[in-house]
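Here is the structure we will look at.
The values are calculated or read from the model by the stated rules, or taken from the named source; none is laboratory data. Everything quoted here is computed from the prediction, not taken from an experiment. Note: ideal-geometry Cβ built from the backbone for every residue, glycine included; neighbour counts use all protein chains shown.
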Amino acid sequence: MGVVVELREEEKDKRLAWWRKARFGMFIHWGLYAIPAGVWNGKRIPGIGEWIMFRAKIPVKEYEKLTKLFNPEKFNAKEWVRIAKEAGMKYMVITAKHHDGFCLFDTKYTDYNVVKATPFGRDPLKELSEACKEEGMKLGFYYSHVLDWHHPDGMGNDWDYDPAKKDFIRYFRGYVEPQVEELLTNYAPVAILWFDIGNRLPNPELARELRDLVRRISPETIINGRIGHGMGDYREMGDNKIPEHKLEEDWEVPMTLNDTWGYKSYDHNWKTPGRVIQILVEVVSKGGNLLLNVGPTAEGEIPEPAVKVLREVGKWLKVNGESIYGAGASPIEVPPDAIYMCTAKPGKLFIHVIAWPWYGELKVYDVRDKVKRAYLLATGEELKFKQEGTHVKINVPRKAPDPIDTVIVLEVS
């Protein structure tokens, strides 16, 4: 038994090797819900954009009519990949099927898909897959395996279908599993399968079955934690929830750039580049990955305000990427009210100074190793320092070299 567990861990380490270095990915929520964009029958529908069918209790027959309006002529897969690359993101995950049941890929198991049901008639996932291959970008698919408000046997829709008459096992084995097989086969290589709400699977056996199916077809595909019942390769945090302390396991947090996942025409509450950078640093300092979302419009464009924010984040990463990619959790204790955060690599501590010590001295605590050198990551400029036990005092310029996050490298032995 011990050997089997060891082998599994070895396989998992191999699978996750690139993901552990990547640290930063793009989440894309796109589908029919981009058309109403949060508005139905003249009213703003509360909640997140992609849940509009559920929130407004839109009958299947009504919601289906949106397919005739889905014609995103401005969609350009290469452009989306370029935006992600420019932002410094290393992987992309897009909704192949969200809870509304609409398939953003060509599938033989339902005509309710982008190729057969819309005037667009193209397969965005195929185009994105090709563009990602060209650019060396990893691509994964979000697939809603539990909730499906369109399928009579899927969970969640009690306004069109009688829950007592649903046969979830039939939906799962006759629809979910074959579609997952399609995604893994027709769009290979699939870097990640990103499932959701797996905690509502009626039994652990189904999660195991789905995991085994993925392993059989595509052993290198990473499975996220929300497949359910502990069958994933890493832990998925709650939406927009960063843990309070560092975790010793592999984890990721999905996060919105404004207050919705799917596009909403009236949500302009964009995070600033500075905020995104601080979030990314905090996530990496606690050992995690950040999967940051964009919700493209019905025309197929990533909203311009989002692109502008991502571009600025990318500029910071171009200079400071060494402190993020392949970096791990802080080995030193950092108080919650400290003016810095810390990420690390063997022999290096990256001190991210987010609030500048205007008095010209930065104190870093809990450094147990001997500090050999201190310098600014951006310029290589050497900084004078003094170590007393586990405390390090560093002489810094009066003005912050980077107003968002100045990274100081401490080389330790």
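For segment 246-282, what are the residues that are polar (S, T, N, Q), touching a Gly at 6+ places or on another chain (Cβ under 9 Å) and farther than 19 Å from Val39 by Cα? Matches in segment 246-282: Thr256 only.
Restricting the search to segment 103-132, which residues are aromatic (Phe, Trp, Tyr), under 21 Å from Ile35 (Cα atoms) and over 22 Å from the mean Cα position of the chain (by Cα)? Across segment 103-132, the qualifying residues are Tyr112, Phe120. Across segment 197-218, the qualifying residues are those that are touching a strand residue (DSSP E or B) at 6+ places or on another chain (Cβ under 7 Å) and closer than 17 Å to Gly140 by Cα, and the one among them that is surrounded by the fewest Cβ atoms within 10 Å (Cβ to Cβ) is Arg211.
Condition (residue is under 20 Å from the mean Cα position of the chain (by Cα), within 27 Å of Lys65 (Cβ to Cβ) and part of a loop (DSSP other than H, G, I, E, B)) applied to segment 174-197: is it met by at least one residue? Yes, segment 174-197 contains a residue that is under 20 Å from the mean Cα position of the chain (by Cα), within 27 Å of Lys65 (Cβ to Cβ) and part of a loop (DSSP other than H, G, I, E, B). Checking each residue of segment 89-100 against the condition of being more than 15 Å from Phe27 (Cα to Cα) and assigned by TED's automatic domain parsing to the domain that holds Leu310 gives at least one match. Exactly one residue out of Glu10, Glu64, Glu73, Glu79 is of a type in the set (D, E, K, R) and over 27 Å from the mean Cα position of the chain (by Cα), and it is Glu64.
I'd like to check something: does segment 293-309 contain any residue that is in contact with a Pro (Cβ under 7 Å, 6 or more places away or on another chain), among the hydrophobic types (A, V, I, L, M, F, W, C), closer than 17 Å to Asp405 by Cβ and surrounded by 16 or more Cβ atoms within 10 Å (Cβ to Cβ)? Yes, the conditions are met somewhere in segment 293-309.
Of the residues making up segment 62-87, those that are touching a helix residue (DSSP H, G or I) at 6+ places or on another chain (Cβ under 7 Å) and either at pLDDT below 95 or not in a helix (DSSP H, G or I) (or both) number 3. Is segment 228-250 home to any residue that is in a helix (DSSP H, G or I), crowded, with 22+ Cβ neighbours inside 10 Å and in contact (Cβ under 8 Å) with a residue 40 or more places away in the chain? No, every residue in segment 228-250 fails to be in a helix (DSSP H, G or I), crowded, with 22+ Cβ neighbours inside 10 Å and in contact (Cβ under 8 Å) with a residue 40 or more places away in the chain. Of the strands (runs of 3 or more DSSP E) lying entirely inside segment 322-412, those containing at least 2 residues that are touching a residue at least 60 places away in the same chain (Cβ under 8 Å) span 340-345, 348-353, 406-412.
Scan Lys286, Lys318 and give me the residue that is loosely packed, with under 15 Cβ neighbours inside 10 Å and closer than 24 Å to Pro403 by Cα. So the residue among Lys286, Lys318 that is loosely packed, with under 15 Cβ neighbours inside 10 Å and closer than 24 Å to Pro403 by Cα is Lys318. Screening Lys61, Lys43 for residues that are of a type outside the set (S, T, N, Q), surrounded by fewer than 14 Cβ atoms within 10 Å (Cβ to Cβ) and within 28 Å of Glu182 (Cβ to Cβ) leaves exactly one candidate, Lys61.
Each residue in segment 136-172 was checked for being surrounded by fewer than 15 Cβ atoms within 10 Å (Cβ to Cβ) and without any contact (Cβ under 8 Å) to a residue 60 or more places away in the chain, and 9 of them qualify. Applying a threshold of 6 Å to beta carbon distances and a minimum spacing of six or more residues, or different chains, the list of pairs starting in segment 104-133 at a residue that is assigned by TED's automatic domain parsing to the domain that holds Val176 and ending at one that is aromatic (Phe, Trp, Tyr) and not in a loop (DSSP other than H, G, I, E, B) reads Tyr109/Tyr175. Within segment 173-217, the set of residues being touching a residue at least 12 places away in the same chain (Cβ under 8 Å) and acidic (Asp, Glu) comprises Glu177, Glu181, Glu182, Asp196, Glu209. Going by the structure shown, is Thr390 farther than 29 Å from Asn258 by Cβ, surrounded by fewer than 19 Cβ atoms within 10 Å (Cβ to Cβ), among the hydroxyl-bearing types (Ser, Thr, Tyr) and within 31 Å of the chain's Cα centre (by Cα)? No: the conditions fail for Thr390.
The residues on offer are Thr272, Thr297, and the sole one that is on the phi < 0 side of the Ramachandran plot and either of a type in the set (A, V, I, L, M) or in contact (Cβ under 8 Å) with a residue 60 or more places away in the chain (or both) is Thr297.
Would you check if Ala298 is closer than 30 Å to Pro46 by Cα and either among the small types (Gly, Ala, Ser) or not assigned by TED's automatic domain parsing to the domain that holds Leu125 (or both)? Spelling it out, Ala298 is indeed closer than 30 Å to Pro46 by Cα and either among the small types (Gly, Ala, Ser) or not assigned by TED's automatic domain parsing to the domain that holds Leu125 (or both).
Per the listing Leu310, Leu317, the residue uniquely of a type in the set (A, V, I, L, M, F, W, C) and either within 24 Å of Lys74 (Cα to Cα) or touching a strand residue (DSSP E or B) at 6+ places or on another chain (Cβ under 6 Å) (or both) is Leu310.
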